[in-house]
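Heads up, the thing below is written out as structure tokens.
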Amino acid sequence: MSTSFRIAAVLKTAKGGNALTVKGWIRSIRTSKGITFISLNDGSCVTGLQVVIEPGMPNYDDVCRLGSGSAIAVEGVLVDSPAAGQAIELKADTITIYGTVDENYPLQKKHHSFEFLRSIAHLRPRANTFGAVFRTRSALSFAIHRFFRERGFVYVHTPIITANDCEGAGELFKVTTIDSASPPMLNGKIDYSNDFFGQPTGLTVSGQLEGELLAMGLSSIYTFGPTFRAENSNTSRHAAEFWMVEPEIAFADLADDADLAEDFIKYLCRFVLEECAEDMAFFDKQIETGLIQRVTALAQSDFVRMDYTEAIERLTQAPVTFKYPVEWGLDLQTEHERYLAEQIVGGPLFVLNYPKDIKSFYMRQNDDGRTVAAMDLLVPKVGEIIGGSQREERLDRLEQRMNQMGISTGALSWYLDSRRWGSCPHAGFGLGFERLIMYLTGMENIRDVIPFPRTPGHAEF
Ligand code: 4AD
Ligand code: MG
């Protein structure tokens with residue numbers, strides 16, 4: 001066989017006259033005036049390569065019987081296409097058939113609903129939208145590493161199995177080797193001293209606490225890994241397994257944290273526009289009209305910064321009735337977050353300095369005695385995509401807050417040690433990777449931006 005190429009490379013650089021091989025899956029096949037045309041896709045780009053087959057080919061009849069979804073290799077010569085729709089096409093000399101399909105192949109039609117495609121998540125990577133989403137997801141992962149590397153951040157790996165519940169929300173999935181049919185008991189309770197780790201453990205809800213320890217020696221770090229939350233919220237923005245990016249910066253305050261987050265998001269916007277141009281054009285056409293313009297504007301905008309107290313005032317004055325109450329001291333719901341971003345600001349905004357009672361124990365207490373140095377980045381359509389804070393670096397204040405909130409200082413003594421010896425102001429944030437992808441592609445359901453979504457009742461593939 002001649003040298004094998006990916007279709008993206010062929011469409012970009014190859015010229016008429018080149019002999020080459022491409023391999024992929026048939027998207028569509030039709031015969032017209034005795035000539036057969038195949039649109040072949042290999043996942044390297046949205047556009048398929050047109051393959052032209054003339055009846056002289058030895059297995060011509062077998063090829064004509066192939067259905068969309070079949071896997072083949074085509075060896076041939078590129079020619080300038082006489083028809084509109086493509087600049088070049090591949091005139092086939094030989095076709096090797098790897099895998100055929102039968103009439104039960106679920107992806108026969110051109111258009112399927114996202115709901116249906118979710119039910120065949122094992123096959124949907126072959127659908128155009130999912131090809132585009134997963135290529136963009138891959139490109140953005142690379143961009144995240146490049147952003148931090150260019151700024152001297154150290155990429156660290158924090159544990160997936162942990163004994164701490166960083167966010168304190170009790171959303172930990174248990175990790176245990178205890179036989180649930182006959183657990184060892186002590187005084188009427190499961191005796192975890194006999195479990196694998198000798199104590200109750202779970203899957204991490206955030207790498208932050210460990211990330212802070214690494215920042216306290218390496219100055220600027222980030223984590224980027226799977227994160228788990230057993231929250232039973234069946235929404236379009238929550239997954240039980242998602243990926244989070246968590247930078248942590250030593251010698252930094254809340255303003256530095258927000259500046260970093262703003263630079264980061266804008267960098268990622270520019271990156272997708274430049275590096276994923278074809279996929280972005282596809283999303284703009286098929287998923288959200290005006291997407292490219294929106295992301296371009298975002299890359300050039302200044303993100304608004306607004307105190308929580310002001311956000312509550314603005315929401316109270318808004319001429320709409322919300323489903324959930326708006327009141328100082330209550331957390332913002334998605335409807336409030338979206339109203340702030342979409343109606344009040346018309347773009348992304350940081351809401352800063354939330355009431356301490358609705359935020360985690362580790363956030364730095366402000367001098368007003370009632371708020372903490374927290375920040376959420378809210379964006380139109382999605383709501384919160386980043387949650388972060390300046391951390392409480394003062395040992396006495398941190399211990400006092402943990403005691404007030406009933407968090408064991410003994411179990412987190414290692415965390416408190418970082419405040420005991422060489423403590424310094426520091427801050428960080430967590431970006432929900434899937435929410436970022438939703439925001440940058442226009443996809444509206446988190447289940448459609450991660451290959452195999454884990455949500456309540458769903459772990460089948
Ligand atoms: O706001 P969260 O809970 O913050 C933290 O976990 C901090 N420890 C981060 C830090 O300061 N290092 O989560 C951060 C982000 C959210 O803004 C959201 O984008 C995403 O993680 N997120 C989820 N994404 C999908 N499904 C879920 N169930 C999510 N929960 C949070
Ligand atoms: Mg949050």
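In this model, which of K285/K356; K266/K359; K12/K110; K285/K359; K12/K109; K110/K323 are farther than 32 Å apart at the alpha-carbon? Table pairs above 32 Å Cα-Cα are K285/K356; K285/K359; K110/K323.
Under the 0.36 nm per residue contour assumption, what length would be gained going from the current alpha-carbon distance of D417 and H112 to full extension?
That works out to 104.3 nm of additional length.
Kindly state, to the nearest 0.05, the FRET efficiency for R397 paired with L330, given R0 = 30 Å and r defined as their beta-carbon distance.
Taking R0 as 30 Å, the efficiency between R397 and L330 is 0.80.
For the chain, what does the alpha-carbon gyration tensor say about shape, rounded, prolate or oblate, given a ≥ b ≥ c as the root eigenvalues, a/c under 1.5 as rounded, and a/b over b/c as prolate? It is prolate, given that a/c is not under 1.5 and a/b is the larger ratio.
Rounded to the nearest 500 deg cm²/dmol, what is the calculated helix-only ellipticity per residue at 222 nm for the chain, with -39500 (n - 2.57) per DSSP H run of length n ≥ 4? List each step's numbers first, then the result.
Details: 13 runs with 137 residues, N = 461.
So the helix-based figure for the chain works out to -9000 deg cm²/dmol.
When you filter the trypsin sites (Lys or Arg not before Pro) in region 1-61 for DSSP loop state and at most 13 other Cβ atoms inside 10 Å of their Cβ, you are left with K15, K33. The distance from the alpha carbon centre of region 233-265 to that of region 133-168 is 10 Å, rounded to a whole number.
Normalising the average separation of contacting C-alpha pairs (under 8 angstrom, six or more residues apart) by the number of residues puts the relative contact order of region 39-190 at 17 percent.
Taking the Cα centre of region 3-99 as origin and assigning +1 to Lys and Arg Cβ atoms and -1 to Asp and Glu Cβ atoms, the resulting dipole is close to 260 debye. A simple spin-label model places the labels of V320 and Y105 4.5 nm from each other, with each point 7 Å out along Cα-to-Cβ. In this label model, D191 and E54 are separated by 8.3 nm, measuring between points 7 Å along each Cα→Cβ vector.
Taking the average, over residues, of other Cβ atoms within 10 Å as the packing measure, peptides 288-298, 88-98 rank 88-98, 288-298 from highest down.
Using a cutoff of 8 angstrom between alpha carbon atoms and counting only pairs six or more residues apart, the relative contact order for region 3-99 works out to 30 percent.
Using only Cα atoms, tell me the angle between helix 308-317 and the longest principal axis of the chain; keep it within 0 to 90° and round to the nearest 10. For 308-317 against the chain, the angle is about 70 degrees.
Remark: the chain carries a charge dipole of roughly 1200 debye about the Cα centre, counting +1 on each Lys and Arg Cβ and -1 on each Asp and Glu Cβ. Extension gain for the segment T235 to I287, taken as residue separation times 0.36 nm less the Cα-Cα distance, is 16.8 nm to one decimal. Just to confirm the number: angle between the C-alpha axis of helix 254-275 and the first principal axis of the chain, 0 to 90 degrees, nearest 10? Helix 254-275 sits roughly 0 degrees off the main axis of the chain. Projecting the Cα atoms of S138, P125, T13 onto the charge dipole of the chain, computed from C-beta unit charges around the Cα centre, puts T13 farthest toward the positive end. Take every DSSP beta bridge whose two residues both sit in the chain; close to 85 percent of them are antiparallel. Working from Cα pairs under 8 Å separated by at least six residues, relative contact order for the chain is 13 percent. For region 151-227, the residue among N187, G152, M216 whose Cα projects farthest onto the positive side of the dipole built from Cβ charges is G152. Between A181 and I120, the simple spin-label model (points 7 angstrom out along Cα→Cβ) gives 3.8 nm. Cross-link reach is defined here as a Cα-Cα straight distance under 19 Å, omitting same-chain residues fewer than 8 places apart; for K15 the lysines meeting it are K23, K91.
Where a number appears in this text, it was derived from the coordinates with a stated rule and is not lab data. Note that this is a predicted model, so its numbers are computed, not measured. When we count neighbours, we look across all protein chains shown, and the Cβ atoms used for this are built from the backbone with ideal geometry, even at glycine.
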